[in-house]
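Dropping a structure here in structure tokens format, bear with me for questions.
The values are calculated or read from the model by the stated rules, or taken from the named source; none is laboratory data. Please read these numbers as outputs of a predicted model, since none were measured by experiment. Backbone-built Cβ (ideal geometry, glycine too); neighbour counts: all protein chains shown. The accessibility values were calculated without ligands, DNA or RNA, using every heavy atom of the protein model including side chains. Shrake-Rupley method; radii C 1.70, N 1.55, O 1.52, S 1.80 Å.
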Amino acid sequence: MVAENDKQQRHKARQEKVKQQVDAKVAAATEVKGLLLVITGNGKGKSTSGFGTIARAVGHGLKCSVAQFIKGTWDNGERNLLEKLGVEFQVMATGFTWETQNKQADTEAAQLVWQECKRMLQDESIDVVLFDELTYMVTYGYIDLDEVVEALNNRPKMQSVVITGRAAHRTLIEMADTVSEVKNVKHAFESGVKALKGVDW
């Protein structure tokens, strides 16, 4: 019984120390502004995480918009749901670049969506924006990095932006408030399992 009480006391002391550290960090966080989040890496779940943020924001009554690059020809479960809740979607709708194999057409399609992105980034009524797979557009040169940086820097102060995609440019990583890297440990597709509607897409 004494040993059990000692364990409880040690646990309580450890937790109290953790609480003090967390409370100190909460107290030190005084700046209020919109956030720039970058979700990158080779693992599955980047877009899912971005859409999760949009769903959370909608659940809190915030106005959200989404721009999708690359995967626009697929039936999209998130779009099917979120458009019904008032979320605007702008979709490149050309599919994967390795399928189109037409850089000029892809660049033109990307630029059309990017013009809508710039409009979103100037609209103070939009609280949260998701630019799904934007990193590829920068990497391939379809959208100019400096133009992206300028638009992000000049957006409304309280507007948050989520950018997803592999190989995020170091400039985007450096300017982001939060960066998450999704690591690929194991993927069903690599074992010959087909993508599952409602889970994978």
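What are the residues in the stretch 151-201 that are of a type in the set (Gly, Ala, Ser) and open to solvent by 40 Å² or more (accessible area, probe 1.4 Å), if any? Talk me through it step by step, then tell me what you get.
Of the stretch 151-201, the ones of a type in the set (Gly, Ala, Ser) are 151, 160, 165, 167-168, 176, 180, 188, 191-192, 195, 198.
Hits for the stretch 151-201 are ALA167, SER180, ALA188, SER191, GLY192, ALA195, GLY198.
Restricting the search to the stretch 36-58, which residues are aliphatic (A, V, I, L, M) and free of Cβ contacts under 8 Å to residues at least 60 places away in the same chain? Quick ask: steps written out before the conclusion?
Going through the stretch 36-58, the residues aliphatic (A, V, I, L, M) turn out to be 36-39, 54-55, 57-58.
Matches in the stretch 36-58: ALA55, VAL58.
Of the numbered conditions (1) open to solvent by less than 50 Å² (accessible area, probe 1.4 Å); (2) in a loop (DSSP other than H, G, I, E, B); (3) in contact with a Gly (Cβ under 8 Å, 6 or more places away or on another chain), ILE143 fails exactly one; give the number of that condition.
The failed condition is (3).
Further question on the same structure: Just checking, which of ALA67, ALA55 is modelled with pLDDT of 95 or more and in a strand (DSSP E or B)?
So the residue among ALA67, ALA55 that is modelled with pLDDT of 95 or more and in a strand (DSSP E or B) is ALA67.
Answer yes if at least one residue in the stretch 161-168 is farther than 23 Å from ILE54 by Cβ and in contact (Cβ under 8 Å) with a residue 12 or more places away in the chain, and no otherwise. I'd like the intermediate steps shown before the answer.
Residues of the stretch 161-168 that are farther than 23 Å from ILE54 by Cβ, as a first pass: none.
No; the residues of the stretch 161-168 include none that is farther than 23 Å from ILE54 by Cβ and in contact (Cβ under 8 Å) with a residue 12 or more places away in the chain.
Anything in the stretch 116-142 that is in contact with a His (Cβ under 8 Å, 6 or more places away or on another chain) and of a type in the set (A, V, I, L, M, F, W, C)? List them, or say none.
VAL138
To continue, here is another question. Restricting to the stretch 155-201, name every residue that is assigned to a loop (DSSP other than H, G, I, E, B) and small (Gly, Ala, Ser).
GLY165, ALA167, ALA168, ALA176, GLY192, ALA195, GLY198
Would you pick out the residues in the stretch 22-41 that are at pLDDT 95 or above and of a type in the set (S, T, N, Q)?
Of everything in the stretch 22-41, just one residue is at pLDDT 95 or above and of a type in the set (S, T, N, Q), namely THR40.
For (1) in a helix (DSSP H, G or I); (2) open to solvent by 10 Å² or more (accessible area, probe 1.4 Å); (3) modelled with pLDDT under 95, each residue gets a yes or a no:
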{"position": "GLY95", "(1), (2), (3)": "no, no, yes"}
{"position": "TRP98", "(1), (2), (3)": "yes, yes, yes"}
{"position": "GLN104", "(1), (2), (3)": "yes, yes, yes"}
{"position": "GLU124", "(1), (2), (3)": "no, yes, no"}
{"position": "LEU130", "(1), (2), (3)": "no, no, no"}
{"position": "THR135", "(1), (2), (3)": "yes, no, no"}
{"position": "VAL148", "(1), (2), (3)": "yes, no, no"}
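If I go through the stretch 26-51 residue by residue, how many of them are part of a helix (DSSP H, G or I) and either more than 24 Å from the chain's Cα centre (by Cα) or surrounded by 10 or more Cβ atoms within 10 Å (Cβ to Cβ) (or both)?
Residues meeting the conditions: 8.
Another question about this same structure. Could we say that GLY72 is at pLDDT below 95, part of a loop (DSSP other than H, G, I, E, B) and touching a strand residue (DSSP E or B) at 6+ places or on another chain (Cβ under 7 Å) here?
In short, yes.
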